[in-house]
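Below is one structure; the comments refer to it alone.
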Amino acid sequence: MLKRRFIPALLLVVTLMFCLTGCSDIGRGLLNELEDNKEGIKSELGELKDGLKAEINEWMGFASKYAITKDKDLKGERKLGVDEYAGSYEASYTQFNGKEYIFGGTFLKREFGTALKAAYSLKIQSGTAALYWLRSPDSHIISGDKEVHMITKATDDDVYEFTMTAGDNFIVLEGNDFTGSLSLKVE
């Protein structure tokens, strides 16, 4: 009976010894292989990183298309330029309450650069309105009635230049019983 228990135990010890000595040879071999191919591995990791960034950027861009207000829900007519960040918009409002996300999106890197210029004409007949650039995590008033980060007066014709950062970047019109008009061209 003792022999039956001893034989499996001896086989287990021999197997473990074989594995441990074999693993050290495998480990040394892997380290040598790693050292020999260091530059190739760095190159492959760089390509993997670039590929992941491109996939994330594409996914974020796809998801952001649903963040701008759909054409059928806008009060005016939008014509997109080279992408969702640029184009022209003409609208008349009568007692408008709400927000229109006219241009923008969420990209890590925009194909056409980060500098934009918004030429606008905002006319407020009654109520209040604000035209602003919404950027993660804050917003900058382009034109309107809000005092925080005021750039222009409530009714104005001007050009606003800005540089986008990675993340959310939208041009938004917000109205509260707003009657008036907006003409906007973003390049």
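Identification of strands (runs of 3 or more DSSP E) wholly contained in region 39-149 with 1 or more residues that are at pLDDT below 90 and under 19 Å from residue 169 (Cα atoms) yields 87-107, 115-135, 138-144.
Filtered by the rule that a residue be at positive phi and open to solvent by 10 Å² or more (accessible area, probe 1.4 Å), region 88-132 gives 95, 98, 113, 127. Taken together, the residues in region 65-85 that are open to solvent by less than 80 Å² (accessible area, probe 1.4 Å) and of a type in the set (A, V, I, L, M, F, W, C) amount to 3.
The condition of being surrounded by fewer than 18 Cβ atoms within 10 Å (Cβ to Cβ), modelled with pLDDT under 90 and within 16 Å of the chain's Cα centre (by Cα) does not hold for residue 154.
The values are calculated or read from the model by the stated rules, or taken from the named source; none is laboratory data. Everything numeric here is computed off the predicted structure, so don't read it as measured data. Neighbour counts are summed over all protein chains in view; Cβ atoms, including those assigned to glycine, are modelled from backbone coordinates with ideal geometry. Calculation scope for accessible area: heavy atoms of the full protein, side chains included, ligands and nucleic acids excluded. Shrake-Rupley method; radii C 1.70, N 1.55, O 1.52, S 1.80 Å.
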